[in-house]
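Student: One structure follows; several queries about it will come next.
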Amino acid sequence: MKKIFRFAVWVIAIIFLFGAATVAVLWYLWSSNLPYIGALKEYNPPIITEIYSADGQVIGRFWNEKRIVVSLDQVPKHLIHAFVAAEDARFFEHEGVDIQSIFRAFMKNLMAGKIEQGGSTITQQVTRSLLLKNLKRTYKRKAREAMLSLQIEKSFSKDKILFLYLNQIYLGHSAYGVEAAAHTYFDKNAKDLSLAESAILAGLPKAPSKYSPFLHFDRVRARQRYVLERMREEDYITKDQEDEALKSEVVIKGKDENPFEKAPYFTEYVRRYLEKEYGRDLLYSGGLKVYTAMISDMQQSAQTALKKGLRELDKREGYRGPLRSLFPEEIESFQEENEKNQMTNPPEIGSFIEGVVEEVDDKEEEVTVIFGGETGLLPLSEMQWARKPNPEVPYYAVKVKTPSEVLNKGDVILCRIKGKADNPHFWMLSLEQEPEVQGAILAMEAKTGKVRAMVGGRDFSVSQFDRATQARRQPGSAFKPLIYATALDQGMTPVSIIIDAPYVSSLDPHDEDIWKPKNYAEKFFGPTLFRNALIKSRNVITVKILKTIGVHNVIDYARRMGIESDLSPDLSLALGSSGLSLAEITTVYSVFDNDGMLVEPLFIDRIEDRSGQIIEENQPLLKESIPRDTAYVMTNLLEAVIKVGTGWRAKALQRPAAGKTGTTNDLRDAWFIGFTPGLVTGVWVGYDDRKSMGKGETGSRAACPIWLDFMSEALKDQPIEDFLTPEGVVFAKIDAESGLLASPYSGQTVFQAFKKGTEPTEYTPKPEAAKSGRFSQFDMDFSQ
């Protein structure tokens, strides 16, 4: 018996020693080259870069991992307890590895023949996520995970480990950490989460997709119930608290909202700048805070005005026809699909819908449209605009007289719901179409250069090309103020007289082709005051002024006033032949509004890094561009453009304003650049493929109404201000026709600003002895 006992002891000892040696060897092999846990002391994970408007709204977020790091004192206790109860009930007791959980998981995996359950502690999850995330799921990795977890528990407090865990854990829909998840699902900070909401978040780590609050709310409720039950079992909450949380209403955001949609073109401009200046890694992982100059209300007003104006213009262009036409047997399936869409997007006043024409009634002058389970009436009055497109015929010359001219039964059309019809079961509709024409708008403060609103196109989801900063389009007559400002500094005055008569030249001395510029109305008006030439936008006179003062002088002024694009060094410059961006030409007009000082457009106020340190701060950079008196005289002339010239539509603003229209050959581009004291706004309208707009679609008709709509909203709560007259400027009451001082013999008179010393000194004589104005060295006839 003793021999058998000794033998058994030896066998056990050998087995123990062999097992110990095996464990030691495996420990050595698996623990070699372990990651350095000291890296966790400085926790700098990829976090969200956020873009803010000047009024504090988030207008953009960029990330590789959507994470907002939050300190533990900003996390409610019940949220911490919910995660501990659901993920690692013995977290505050174990030292990084929970043997009980490991044994339970080992037995389950052994029975399954594969790894199905991990039994990981919160510490092990932190280890895996931060130190071993690139390793495959094997027993070797589990061993390394356990070793690292034991080290972490010795080196860090439980609070530090919870801080790492609650900021690192993935919780679905691109959200990492509890703060990002709270914003994603509940649109609030983690510190404001209720017990019921906290239980939902704590249930997500197991399978974020399976328990998505957006997609599977029934599963979410079941998982929430489990978490609350575990919290009660661990004595974190009472039975009454559990019941109250289960009964409480939880509101999940309708969708994962994207703040980028608030100002997509503006925010994309900022994103491109950040990537260029700071690199992609810092942009998407560095947690920058970018504070912009944009004001949300003004941006919204700009977007609304542009969309409204483009839709109205597109209707004036004519109706391009229904979206498609259905055979009778296709209508039922179309309706079924429409009904499905209406379950998530029910029809409401102002919304756009696709419907199918059920009946066209010329006698009653209406069309019956069905969409899903709804019926709408489309009266003739809401489709009279729908003439066939013809750019040679102005929109007001043709009106639809009967519905059948436009629509047939089975046509699928786009409509907007305007309200309820007399029959309460019917909706009142208007005929619509998605515009093809594009546009852009940019508004900036003249004194600071801060860009308060910028829209680079009709719809960012359709086209990301930014027509406010990236496009180069011919400004047409919107360029003329640059020439007239140069001329004022070359000795001309508002009452210099130039002969409006045919002018023949060649743009290039080596080119035999003859160039004959003409006025928009294709008429000539004889002796014309400098001021009237600008007010009425006379092309030929502007060419003559440019020839007199010199093309290179104007190009020099253009550079001084903020234009960087290439400019044609020939007389076609007078007609705005060189492509400019909307941002450039708007900057030029800001010089007039800013006493002759140039300030560059400023999109970003400051940028902070993840620690709150300012890494970029922008202040207005002012430099003298043109003389102060020149800027004011030009402002005065541009006020007259609105009062009695091509910008007359802007008078409806009912406050002092100055501006200029611009229209290019063949109506390919339409502009209006205008300003009030302190705010300058530019609008461009046209087609991307540079095709012509309809007849009469000038800057006055196509662009000015957009400017007016925006400025009316932007300034509605602002006091009315006048342009302040600087020293060195005098006013004179002049005869509007002769340019001489007004006398009892004058007809129409106006008050005109002059540089001091250039005002007229002669009075308008009796008609029988009338002079033809105040001639100078510039009063020439360039008809040769």
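Student: Six or more apart or on different chains, Cβ atoms under 9 Å: show the pairs whose first residue is in the range 396-425 and more than 17 Å from R316 (Cα to Cα) and whose second is assigned to a helix (DSSP H, G or I) and aromatic (F, W, Y).
Tutor: Listed by first residue and then by second, the contacts come to V412/F334.
Student: Being modelled with pLDDT under 95, of a type in the set (G, A, S) and closer than 16 Å to R311 by Cα is the filter here, so list the residues in the range 380-429 that pass it.
Tutor: Answer for the range 380-429, where residues must be modelled with pLDDT under 95, of a type in the set (G, A, S) and closer than 16 Å to R311 by Cα: there is none.
Student: Could I ask something else about it? Please go through the range 206-251 and give me each residue that is part of a loop (DSSP other than H, G, I, E, B) and among the aromatic types (F, W, Y), ordered by number.
Tutor: Correct list: Y211, F214, Y236.
Student: Scanning for something open to solvent by less than 50 Å² (accessible area, probe 1.4 Å), in contact (Cβ under 8 Å) with a residue 60 or more places away in the chain and not small (G, A, S), does the range 335-345 turn up at least one residue?
Tutor: The answer is no; no qualifying residue exists.
Student: A further question on this structure: Counting only residues that are part of a helix (DSSP H, G or I) and open to solvent by 10 Å² or more (accessible area, probe 1.4 Å), how many does the range 653-699 have?
Tutor: The total comes to 4.
Student: While we're on this one: For the range 162-186: of the residues being assigned to a helix (DSSP H, G or I) and without any contact (Cβ under 8 Å) to a residue 40 or more places away in the chain, which is surrounded by the most Cβ atoms within 10 Å (Cβ to Cβ)?
Tutor: Step by step, filter the range 162-186, then rank; the result is A181.
Student: So which residues in the range 49-79 are in contact with a Ser or Thr (Cβ under 9 Å, 6 or more places away or on another chain) and under 15 Å from S611 (Cα atoms), if there are any at all?
Tutor: T49
Student: Still on this structure, I have one more. Of all the residues that make up the range 375-400, how many are buried (at least 19 other Cβ atoms within 10 Å of the Cβ) and either among the aromatic types (F, W, Y) or assigned to a helix (DSSP H, G or I) (or both)?
Tutor: Selection size over the range 375-400: 4.
Student: Hey, does the range 467-474 have a residue that's of a type outside the set (G, A, S) and under 17 Å from E436 (Cα atoms)?
Tutor: Yes, the range 467-474 has at least one match.
Student: What's the total number of residues in the range 744-760 that are of a type outside the set (A, V, I, L, M) and open to solvent by less than 60 Å² (accessible area, probe 1.4 Å)?
Tutor: The number of residues fulfilling the criteria is 8.
Student: Across the range 412-428, what is the number of residues that are in a strand (DSSP E or B), within 19 Å of E364 (Cα to Cα) and out of contact with any Phe, Trp or Tyr (no Cβ under 9 Å at 6 or more places or on another chain)?
Tutor: Qualifying residue count for the region: 2.
Student: When the range 205-255 is examined, which residues are found to be in contact with an Asp or Glu (Cβ under 8 Å, 6 or more places away or on another chain) and of a type in the set (A, V, I, L, M)?
Tutor: Passing the criteria: L228, M231, V250.
Student: Further, regarding this structure: How about the range 412-426: which of its residues are open to solvent by 10 Å² or more (accessible area, probe 1.4 Å) and closer than 15 Å to G321 by Cα?
Tutor: Listed by number, the list holds a single entry, L414.
Student: Going by what's in this entry, would A180 be described as small (G, A, S), within 25 Å of G60 (Cβ to Cβ), at pLDDT below 95 and out of contact with any Asp or Glu (no Cβ under 8 Å at 6 or more places or on another chain)?
Tutor: Yes.
Residues are listed down the side, and each one gets a yes or a no for (1) more than 30 Å from R61 (Cβ to Cβ); (2) in a helix (DSSP H, G or I); (3) open to solvent by 40 Å² or more (accessible area, probe 1.4 Å):
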| site | (1), (2), (3) |
| --- | --- |
| Y557 | yes, yes, no |
| L573 | yes, yes, no |
| I607 | no, no, no |
| I626 | yes, no, no |
| L637 | yes, yes, no |
| A640 | yes, yes, no |
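Student: Taking the residues in the range 723-737 that are touching a Lys or Arg at 6+ places or on another chain (Cβ under 9 Å) and either outside any strand (DSSP E or B) or among the basic types (K, R) (or both) as candidates, determine which candidate is nearest to T758 (Cα to Cα).
Tutor: G728
Student: Further question: Give the number of residues within the range 280-327 that are of a type in the set (D, E), within 17 Å of the chain's Cα centre (by Cα) and closer than 17 Å to G457 by Cβ.
Tutor: 0
Student: From the list N532, N519, pick out the single residue that is under 23 Å from E639 (Cβ atoms), in a helix (DSSP H, G or I) and within 41 Å of the chain's Cα centre (by Cα).
Tutor: N532
Student: Quick check on this structure: which one of L708, L724, L741 is within 30 Å of I626 (Cβ to Cβ), open to solvent by 60 Å² or more (accessible area, probe 1.4 Å) and at pLDDT 95 or above?
Tutor: That would be L724, the only listed residue that is within 30 Å of I626 (Cβ to Cβ), open to solvent by 60 Å² or more (accessible area, probe 1.4 Å) and at pLDDT 95 or above.
Student: Checking the conditions here, which among V97, V84, V75, V69 is within 51 Å of the chain's Cα centre (by Cα), at pLDDT below 90 and not small (G, A, S)?
Tutor: After ruling out the rest, the residue left standing is V97.
Student: Shifting gears a bit: Any residue that is over 21 Å from N44 (Cα atoms), modelled with pLDDT of 65 or more and within 50 Å of the chain's Cα centre (by Cα) - is there at least one of those in the range 122-141?
Tutor: The answer is no, given that none of the residues of the range 122-141 is over 21 Å from N44 (Cα atoms), modelled with pLDDT of 65 or more and within 50 Å of the chain's Cα centre (by Cα).
Student: G612 passes all but one of (1) closer than 30 Å to I47 by Cα; (2) part of a strand (DSSP E or B); which number fails?
Tutor: (2)
Student: What are the residues in the range 579-605 that are touching a Ser or Thr at 6+ places or on another chain (Cβ under 8 Å), in a loop (DSSP other than H, G, I, E, B) and open to solvent by 10 Å² or more (accessible area, probe 1.4 Å), if any?
Tutor: Result: G579, E600, P601, F603.
Student: Would you call I483 farther than 12 Å from Y557 by Cβ, modelled with pLDDT of 95 or more and open to solvent by less than 10 Å² (accessible area, probe 1.4 Å)?
Tutor: It is false that I483 is farther than 12 Å from Y557 by Cβ, modelled with pLDDT of 95 or more and open to solvent by less than 10 Å² (accessible area, probe 1.4 Å).
Student: Right, next: How many residues does the range 213-244 hold that are more than 40 Å from the chain's Cα centre (by Cα), of a type outside the set (D, E) and open to solvent by less than 30 Å² (accessible area, probe 1.4 Å)?
Tutor: Here the count works out to 4.
Student: So which of K253, K276, K210 is within 27 Å of G287 (Cβ to Cβ), open to solvent by 60 Å² or more (accessible area, probe 1.4 Å) and within 37 Å of the chain's Cα centre (by Cα)?
Tutor: Step by step, each of K253, K276, K210 is checked, and only K276 is within 27 Å of G287 (Cβ to Cβ), open to solvent by 60 Å² or more (accessible area, probe 1.4 Å) and within 37 Å of the chain's Cα centre (by Cα).
Student: Further, regarding this structure: So, D709, is that one under 25 Å from A478 (Cα atoms), acidic (D, E) and not in a strand (DSSP E or B) or not?
Tutor: Taking the combined requirement at face value, the residue satisfies it.
Student: Assess whether L442 counts as being surrounded by 20 or more Cβ atoms within 10 Å (Cβ to Cβ), free of Cβ contacts under 8 Å to residues at least 40 places away in the same chain and among the aliphatic types (A, V, I, L, M).
Tutor: no
Student: Look through T548, T469 and report the one residue that is of a type in the set (V, I, T) and open to solvent by less than 40 Å² (accessible area, probe 1.4 Å).
Tutor: Answer to the selection: T469.
Student: Out of (1) at pLDDT 95 or above; (2) under 34 Å from the mean Cα position of the chain (by Cα); (3) open to solvent by 60 Å² or more (accessible area, probe 1.4 Å), what's the single condition that is false for G449?
Tutor: Checking G449 against (1) at pLDDT 95 or above; (2) under 34 Å from the mean Cα position of the chain (by Cα); (3) open to solvent by 60 Å² or more (accessible area, probe 1.4 Å), the one that fails is (3).
The values are calculated or read from the model by the stated rules, or taken from the named source; none is laboratory data. Note that the structure is predicted; figures quoted are calculated from it, not measured. Backbone-built Cβ (ideal geometry, glycine too); neighbour counts: all protein chains shown. These area figures cover heavy atoms from the full protein model, side chains too; ligands, DNA and RNA do not enter into them. Shrake-Rupley method; radii C 1.70, N 1.55, O 1.52, S 1.80 Å.
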